[in-house]
1. For region 226-247, give me each residue that is touching a Lys or Arg at 6+ places or on another chain (Cβ under 6 Å) and of a type in the set (D, E, K, R).
2. Among residues belonging to region 193-222 that are of a type in the set (Ser, Thr, Tyr) and touching a residue at least 40 places away in the same chain (Cβ under 8 Å), point out the one that is nearest to PRO155 (Cα to Cα).
3. With a cut-off of at least 1 residues that are within 17 Å of the chain's Cα centre (by Cα) and touching a residue at least 12 places away in the same chain (Cβ under 8 Å), name the helices (runs of 4 or more DSSP H) lying wholly within region 495-543.
4. Inspect all residues belonging to region 475-488 and state whether any of them is among the β-branched types (Val, Ile, Thr), within 20 Å of ASN396 (Cα to Cα) and either under 37 Å from the mean Cα position of the chain (by Cα) or not assigned by TED's automatic domain parsing to the domain that holds THR402 (or both).
5. Can you name the residue in region 232-264 that is among the charged types (D, E, K, R) and in a loop (DSSP other than H, G, I, E, B) and, of all such residues, is farthest from PHE214 (Cα to Cα)?
6. From ALA229, ALA222, ALA206, ALA181, grab the single residue that is closer than 22 Å to ASN163 by Cβ and assigned to a strand (DSSP E or B).
7. How many residues are over 20 Å from ASP237 (Cβ atoms) and in a loop (DSSP other than H, G, I, E, B) if we restrict to region 167-178?
8. I'd like to verify a number: residues in region 448-474 that are more than 43 Å from the chain's Cα centre (by Cα) and of a type in the set (Val, Ile, Thr), how many?
Amino acid sequence: MKYLRGQNGKLSEPSPCRTGKINSGLALAGGSILFLAVMLILLVYSPPTDPDSNQTTTANKTAPESASNENQDDALVMYCAAGIKPPVAAAAAQFAEEEFGVPVHLQYGGSGTLLSNLQVAKKGDLYLAADTSYIEIAREKGLVEEAISVARMHPVIMVKKGNPKKIQSIDDLLKSDVTFALANPDAASIGKLTKKQLTEAGKWEAVSKSARVFKPTVSEIATDVMLGAVDAAIVWDATVNQHPEKADMVDVPELSGTIKNVTVGILKSSEKPQQALLFARYLQAPEKGQKLFSEMGYETVEGDAWDPHPTILLFSGGVNRLAIQDTLKEFEQREGVTVNTVYNGCGILVGQINSGQRPDAYFACDSSYMVQVQPKFTLPLTVAETDMVIIVEKGNPQQIKTVFDLAGKEIKVGLAHHEQSALGALTKKLLEPLVHNEQSLYNAVQPNVKTNTPTADLLVNQLRTGSLDAAIVYRANISKVADKLDVVEIKEGRPLAEQPIAILKSTKYPHLLQRLVDTLTDSPSRAIFESNGFRWRVASESL
């Protein structure tokens, strides 16, 4: 017995007078239902795709289903140059399955194509390009924050094993019996570099016109060589190294001198920058990603020692505290690291360094204290500078106008300690050449000096409590209390301190420390320094 569905949605028995019509209608309906069912299956079914053809794959396919479901919200999306697929896919799987349980979704394609894609999508966490120039373009477009180098490559001619066509030069590609493939210069890094190098050599026009085919990724043209579709292709040396049983490489002068850094950038669109940086550091670590890159024929880089949560030590002169403390907290959060910061007078810090302590970085109050430990550190970068000034009580009741007024009167003066503090040493250097009553001004002031402190902030506090009438400090020391005291400018000598930063040569984390320096010298940090009474120096020195 057939049943119909009425207007109320319930099934009911059809009336006898309609049975004939229903039987014929059901035949048509049955065919329609079968057709719809087939279409539905086709829509739902998605066949496997070639990951080299700009498709997305997941690096933890073999992870337990429960773990995968639990971590989907933590999944990272990475745009990855197709030519770097093997080690990155292996590292991503290892990272997801064996280490942290964080899936990494990899989208492959040419470096240029991927850059265009992420510009449109404005989503994702990481972008790995076969050539740093694409990362720089991404930076200029405001798409990338940090950048971490993970391997090196150079272009070569790839030929079938044994080199049957005896190809030894770029000119050999132009022979009538030779066919070759190139990567698209607008889509792939190797294509862009090939065009650049051969244009400089005056050979691009002839080579580009003779190429049998242009393809969007290096993987595709390498496959063409191995399948015999062409005799040769210009690819990365690492591409050939991955197929030693099927291909040989030919180094040629027009290409061999060019080495490119494979670089991964952290996208500004990332909502999980800490996890993204963790994976980027994982790729660069000798014990982790670099091991895989080496096994798969890539030239490796010297990465930081692997630690999921590194702890670094920063020595900093006290004058820098207000300008850097908030930036350091943000850096810790973004990088997933701990920065132990020791603030003190630079004389004390230098003494500790010379006695054997090894901070990963040193941010000095003045360049004169960086010089004393320079052999242990990389070349310093002067970040900022600040003036030395005299501070007095509000209204300047002692009528102090110049540094000479600090001597001869019965006033209470505070100076920083000349051995413990850069400020103290600079104060002594400033006052000693000046003469007061036939003696050095520095000596003339000593009877009025009531305190010598290792840091200037102690002098500021003592002046505000009435313990001192005057003190020599940095302008940067008074940015938060400028309305509670008066400032007397020092016009004699050179009352200036410069604040350089340098990285310990023997640190286990040189790349992490360089990112810290980059963060401390970026635009947001500059604004904080300037709001705290410093003048910025980085732009004029580094650009």
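The values are calculated or read from the model by the stated rules, or taken from the named source; none is laboratory data. In this text, all values refer to a predicted model and were calculated from it rather than measured experimentally. Don't worry about glycine lacking a Cβ; one is built from the backbone with ideal geometry, like all the others, and counts go over all protein chains shown.
1. Those that are touching a Lys or Arg at 6+ places or on another chain (Cβ under 6 Å) and of a type in the set (D, E, K, R): ASP231, LYS246.
2. Taking region 193-222 and keeping what is of a type in the set (Ser, Thr, Tyr), we get 194, 199, 208, 210, 217, 219.
Next cut, touching a residue at least 40 places away in the same chain (Cβ under 8 Å) only: 194, 217, 219.
Details: THR194: 8, THR217: 14, SER219: 13 Å.
So, considering only residues that are of a type in the set (Ser, Thr, Tyr) and touching a residue at least 40 places away in the same chain (Cβ under 8 Å), the one nearest to PRO155 (Cα to Cα) is THR194.
3. Numbers: elements: 510-520, 523-531, 538-542.
Filter on region 495-543 gives 510-520, 523-531.
4. Let us first name the residues in region 475-488 that are among the β-branched types (Val, Ile, Thr), namely 478, 481, 487-488.
Filter once more, keeping what is within 20 Å of ASN396 (Cα to Cα): 478, 481, 487-488.
Still in the running and either under 37 Å from the mean Cα position of the chain (by Cα) or not assigned by TED's automatic domain parsing to the domain that holds THR402 (or both): 478, 481.
Checked region 475-488: at least one residue is among the β-branched types (Val, Ile, Thr), within 20 Å of ASN396 (Cα to Cα) and either under 37 Å from the mean Cα position of the chain (by Cα) or not assigned by TED's automatic domain parsing to the domain that holds THR402 (or both).
5. Restricting attention to region 232-264, the residues satisfying the condition of being among the charged types (D, E, K, R) are 237, 245-246, 248, 251, 254, 260.
Checking the rest, the ones that are also in a loop (DSSP other than H, G, I, E, B) come to 245-246, 251.
Working: GLU245: 25, LYS246: 21, ASP251: 21 Å.
This residue is GLU245.
6. Details: ALA229 fails: assigned to a strand (DSSP E or B); ALA222 fails: assigned to a strand (DSSP E or B); ALA206 fails: assigned to a strand (DSSP E or B).
Answer to the check: ALA181.
7. Selection size over region 167-178: 4.
8. Here the count works out to 3.
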